[in-house]
Amino acid sequence: MIRLEKRPTPSRLLTGLTPILAVLLTMIVGGLMFWILGKPPVEAIRIIFWDPLFDPNFAAYSRPQLLVKAGPLILIAIGLSMGFRAGIWNIGAEGQYIMGAIFGAAAALAVYPKESALIFPAMIIAGAFGGWLWAMIPAILRTRFNTNEILVSLMLVYVAESILASVSQGLLKNPEGYGFPGSRNLQQYPSAANVEILPNSGMHWGVVAAFIAVIFAYVLLTRHTRGFEIRLTGEAPKAARFAGVNPTRIIVFCLGLSGALAGMAGMFEVAGPAGQITIDFNSGYGFTAIIVAFLGRLHPIGILLASLLMALTYIGGELAQLMLGLPGASIQLFQGMLLFFLLATDVFTNYRIKLGRTKLGGSQ
Amino acid sequence: MQESLLHIEGLTKAYPGVVANDTVSLTIGHGEVHALLGENGAGKSTLVKMIYGLVKPDSGQMTFKGQDYAPPKPSVARQTGVAMVFQHFSLFEALTVAENIALGMENPPAQNDLARQIKEVSQTYGLPLDPLRTVGTLSAGERQRVEIIRCLLQNPKLLIMDEPTSVLTPQEVDILFKTLRQLKSEGTSILYISHKLEEIRALCDTATILRHGKNVGTKTPSTATARELAELMVGASFDSPQKKEKDLGQTLLKIDALNVAATDHFGTSLKDVSFEIKAGEILGIGGVAGNGQDELLMALSGEQSVTSGAIEFDATDISHLPPHDRRLRGLLCAPEERLGHAAAPNMSLTENAIMTAADRKGLRKNGFLNWAGARQFAQDVIAAFDVRTPGTENAARSLSGGNLQKFVIGREVLQNPKVLIVNQPTWGVDAAAAASIRQALLDLAQNGAGVIVISQDLDELIEISDNFGALNEGRLSAIKPMASLSLDEIGLMMGGSHGMEAMQ
């Protein structure tokens, strides 16, 4: 019989090793899946993981895309990881991302076509505020009426999507857009454009903000009281109360921070890579960031790496669809496997396998 | 070997890294009350789990009434005639007594028949119990009766009892002992696990003492002294806590008509609790678990909000203050539940040290934590309280109960509290560790702090407290000097024996 036995302390080696193990297992099983689909498995894996970075034909386009795609994932996942650590489940980052984009774009469009160096910073603040505001709804409902923040934040995504559809056809619609839904293109509005800082690097201000968020989160979690309180609340809520942690404050802080960061990510996206508010502006970053947060072990550095990896599978996945005609669903399945194998291998950081006879009762 | 009921020969059970039972042999005769003595981790639980079929021995034999006996699971043990009352009850609070008992039976009779049987057994053995009451409304002592009656309905030949008196008032202990003696006279053997030596001397015919998984001696308790048994159990002599004469100082903490509503359905509301504590005083608060002990601690620590004016500390009203500010003023607490309340199980000892010590130890500056200082403080606690652990970076859950308890108490004591409130400071802690914790509390009071010890262990309270009060259903009795009280009076303060009136 195979049994799982709880380790006295979590294995440090495995905590670092399981993400790598999960990636390897995903490659093997994913390759097997591609093979069953009648595609060359080794080539498919190579196209997904290698070609976007090193193939002379694609790298020039793909490499900058890596940061463009990873930037919002990092920003959102860093915020989410704070809440997840404290046992506060914000599933609605997608909605906060949309609201941030709307608020950020609205701030710019309100003063269009004035030019000022203050416009872009104001947009960042407006974007963060929009996301924060949207996250405060589940926060207040949770702290006042003890509603479940998972459901409320998730359902608010659909409300945000409706608002997005409404404003792109109404309030924020481009008056010179020949009746097409969608706002003015902020890329063509110099004071509001989120430009590439280094040419062909994909590095825009959102990526800079993401890196700052990583450092901020790292310092907060390891050095600051608030970070300690967040971890304590997640580990042992009763002990946290005993230590003097105010649960309401932690809920408001975690939801607010993740909302603000998601809102910022939305604003950077609308002012940069996307350029304008459209009906289908959002592309699921808010949901993918949940996977990223866990793939990165809720650790800031881990999230940075996991975002880059996830961005790579997006770009590589698109490339594989193009080159090998792989179905899009198989790429999503491939990404899903990553989380699946991570969770599966995760068990071994807290448990070890024991081979032996069946026994009832455990320790003495 | 004809006359023995259960004979155990060379029973061994090893777990990774520890031999829980090392060639243990013992014999229990018909109608014998056999004590199993030992510290926490000595292997008592493993041994009885093997007898009850919960754990399979690695080697060794058991014979029951001369037959080979190797129960693969508890139901086989029960069919053979072995029954067990666990220390932690497995009862559903929302169901009635009869329903709970039916749940544990293989072929339960109809509820009416069962209720009648329960009444019969409870009358025969003097264990007052109403089969139709909801378990959630029962006292700990009554819940234990449910478990005992559940066993007696099977007509066991051997009844195993794991620390049965830890939750009982003295009167309830008397009732229990009467029942056990009656069972004994009818020929039922009892294997009685305890670390309360006086009890064992009063009740048991033979005592087997386990230490580090080995049988270190079989004694006749009535002829051995308690000290002799204790030293055999610990394997060394240890100092009993020393209480010195002292004068009490001014009032530090004054509780005036404290009312706290229960937070959940089976919690206890505190009703008009009033007391005060002076510098140098140890106030013992007794009572059976679940009578408001947790609620009292949480109201004092600041986890539970209370009405203003109820708590006065150093002549200032602190009722509205959160835990953090109360700590800064010198009011510290150590809750009962070690893992999850007093300490975060998966966090390191350093993190657990800073959890309550950040303010008073100056380990926080502008919101940033001083980890080097925290590590040093954790190290100090480990050194001063002899906490056995490889180091400060080990998770709290990797420590044994006794060691973690020493850490939790040490963490608060080393912060120089003005008033320290501890709830069940030595619950599940071995004798030597318990003695050192009690000594630390006495020293603290000696140095001018007020100490409130909430405990179910009356011996402990009698040993260290100056004054005594008891919690019963959320009400605190009048506070009286410990020295003036007899055991009977203490029992009455604790609420006497629950349910006696109902039967008589």
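Applying the criterion of being more than 9 Å from every other protein chain (Cβ to nearest Cβ) and open to solvent by less than 20 Å² (accessible area, probe 1.4 Å) to the residues of the stretch A:221-250, the residue that is farthest from A:A86 (Cα to Cα) is A:L221. Residues of the stretch B:45-85 being in a loop (DSSP other than H, G, I, E, B), among the hydrophobic types (A, V, I, L, M, F, W, C) and buried (at least 17 other Cβ atoms within 10 Å of the Cβ), which ones? Within the stretch B:45-85, B:L54, B:V55 qualify. Assessment of the stretch B:378-395 against the conditions (at pLDDT below 95, assigned to a helix (DSSP H, G or I) and within 13 Å of another protein chain (Cβ to nearest Cβ)) yields no matching residue.
When the stretch A:261-276 is examined, which residues are found to be touching a strand residue (DSSP E or B) at 6+ places or on another chain (Cβ under 8 Å) and open to solvent by less than 10 Å² (accessible area, probe 1.4 Å)?
To start, the set of residues in the stretch A:261-276 that are touching a strand residue (DSSP E or B) at 6+ places or on another chain (Cβ under 8 Å) comprises A:268, A:272-273.
Residues satisfying the conditions are A:F268, A:G272.
Reported count of residues in the stretch B:14-44, each being surrounded by 24 or more Cβ atoms within 10 Å (Cβ to Cβ) and either outside any strand (DSSP E or B) or within 10 Å of chain A (Cβ to nearest Cβ) (or both), is 6. Only residues that are surrounded by fewer than 23 Cβ atoms within 10 Å (Cβ to Cβ) and at pLDDT 85 or above were counted in the stretch B:153-163, giving 6. Every condition in (1) touching a helix residue (DSSP H, G or I) at 6+ places or on another chain (Cβ under 8 Å); (2) under 23 Å from A:A293 (Cα atoms); (3) within 14 Å of chain B (Cβ to nearest Cβ) is met by A:A160 except one, and the failing one is (3). Taking the condition at pLDDT 90 or above, among the small types (G, A, S), open to solvent by 10 Å² or more (accessible area, probe 1.4 Å) and not assigned by TED's automatic domain parsing to the domain that holds B:E172, does B:A440 pass? For B:A440, the condition - at pLDDT 90 or above, among the small types (G, A, S), open to solvent by 10 Å² or more (accessible area, probe 1.4 Å) and not assigned by TED's automatic domain parsing to the domain that holds B:E172 - is met. For B:R181, the conditions (1) part of a helix (DSSP H, G or I); (2) within 22 Å of the chain's Cα centre (by Cα) all hold with the exception of (2). For A:P8, which of the numbered conditions (1) without any contact (Cβ under 8 Å) to a residue 24 or more places away in the chain; (2) more than 14 Å from chain B (Cβ to nearest Cβ); (3) touching a helix residue (DSSP H, G or I) at 6+ places or on another chain (Cβ under 7 Å) fails to hold? All conditions are met except number (2). None of A:A44, A:A93, A:A126 is hydrophobic (A, V, I, L, M, F, W, C), open to solvent by 10 Å² or more (accessible area, probe 1.4 Å) and assigned by TED's automatic domain parsing to the domain that holds A:A213 except A:A126.
Does the stretch B:406-413 contain at least one residue that is more than 13 Å from chain A (Cβ to nearest Cβ), in a helix (DSSP H, G or I), open to solvent by less than 10 Å² (accessible area, probe 1.4 Å) and in contact with a Lys or Arg (Cβ under 8 Å, 6 or more places away or on another chain)? Full working, then the answer.
Within the stretch B:406-413, the first condition is being more than 13 Å from chain A (Cβ to nearest Cβ), and the residues that meet it are B:406-407, B:409-410, B:413.
Retained after the next criterion (residues that are in a helix (DSSP H, G or I)): B:406-407, B:409-410, B:413.
Add one more test, that the residue is open to solvent by less than 10 Å² (accessible area, probe 1.4 Å), and what stays is B:407, B:409-410.
Cutting the leftovers down to in contact with a Lys or Arg (Cβ under 8 Å, 6 or more places away or on another chain) gives us none.
Looking for residues that are more than 13 Å from chain A (Cβ to nearest Cβ), in a helix (DSSP H, G or I), open to solvent by less than 10 Å² (accessible area, probe 1.4 Å) and in contact with a Lys or Arg (Cβ under 8 Å, 6 or more places away or on another chain), one finds none in the stretch B:406-413, hence no.
For the stretch B:334-348, residues that are under 14 Å from A:G244 (Cα atoms) and more than 9 Å from chain A (Cβ to nearest Cβ) total 1.
Yes/no per residue for (1) open to solvent by less than 40 Å² (accessible area, probe 1.4 Å); (2) β-branched (V, I, T); (3) closer than 22 Å to A:A60 by Cα:
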{"position": "A:G256", "(1), (2), (3)": "yes, no, no"}
{"position": "A:G259", "(1), (2), (3)": "yes, no, no"}
{"position": "A:T278", "(1), (2), (3)": "yes, yes, no"}
{"position": "A:F281", "(1), (2), (3)": "yes, no, no"}
{"position": "A:A289", "(1), (2), (3)": "yes, no, no"}
{"position": "A:I301", "(1), (2), (3)": "no, yes, no"}
{"position": "A:Y314", "(1), (2), (3)": "no, no, yes"}
{"position": "A:L319", "(1), (2), (3)": "yes, no, yes"}
{"position": "A:L322", "(1), (2), (3)": "no, no, yes"}
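Just one of the listed residues (B:A70, B:A83, B:A102, B:A94) is out of contact with any strand residue (DSSP E or B) (no Cβ under 8 Å at 6 or more places or on another chain) and aliphatic (A, V, I, L, M), namely B:A102.
If the condition is being out of contact with any helix residue (DSSP H, G or I) (no Cβ under 6 Å at 6 or more places or on another chain) and away from chain B (no Cβ under 14 Å), then the stretch A:210-220 contributes A:F211, A:I212, A:I215. Of the residues making up the stretch B:280-303, just one is touching an Asp or Glu at 6+ places or on another chain (Cβ under 7 Å) and either open to solvent by 40 Å² or more (accessible area, probe 1.4 Å) or within 14 Å of chain A (Cβ to nearest Cβ) (or both), namely B:D294.
Filtering the stretch A:61-78 for residues that are over 27 Å from A:L172 (Cβ atoms) and not in a helix (DSSP H, G or I) leaves an empty set.
The values are calculated or read from the model by the stated rules, or taken from the named source; none is laboratory data. Here the structure is a predicted model, which is why all the values come from computation and not from measurement. Cβ coordinates were reconstructed from backbone atoms using ideal geometry, including for glycine residues, and neighbour counts include every protein chain displayed. Calculation scope for accessible area: heavy atoms of the full protein, side chains included, ligands and nucleic acids excluded. Shrake-Rupley method; radii C 1.70, N 1.55, O 1.52, S 1.80 Å.
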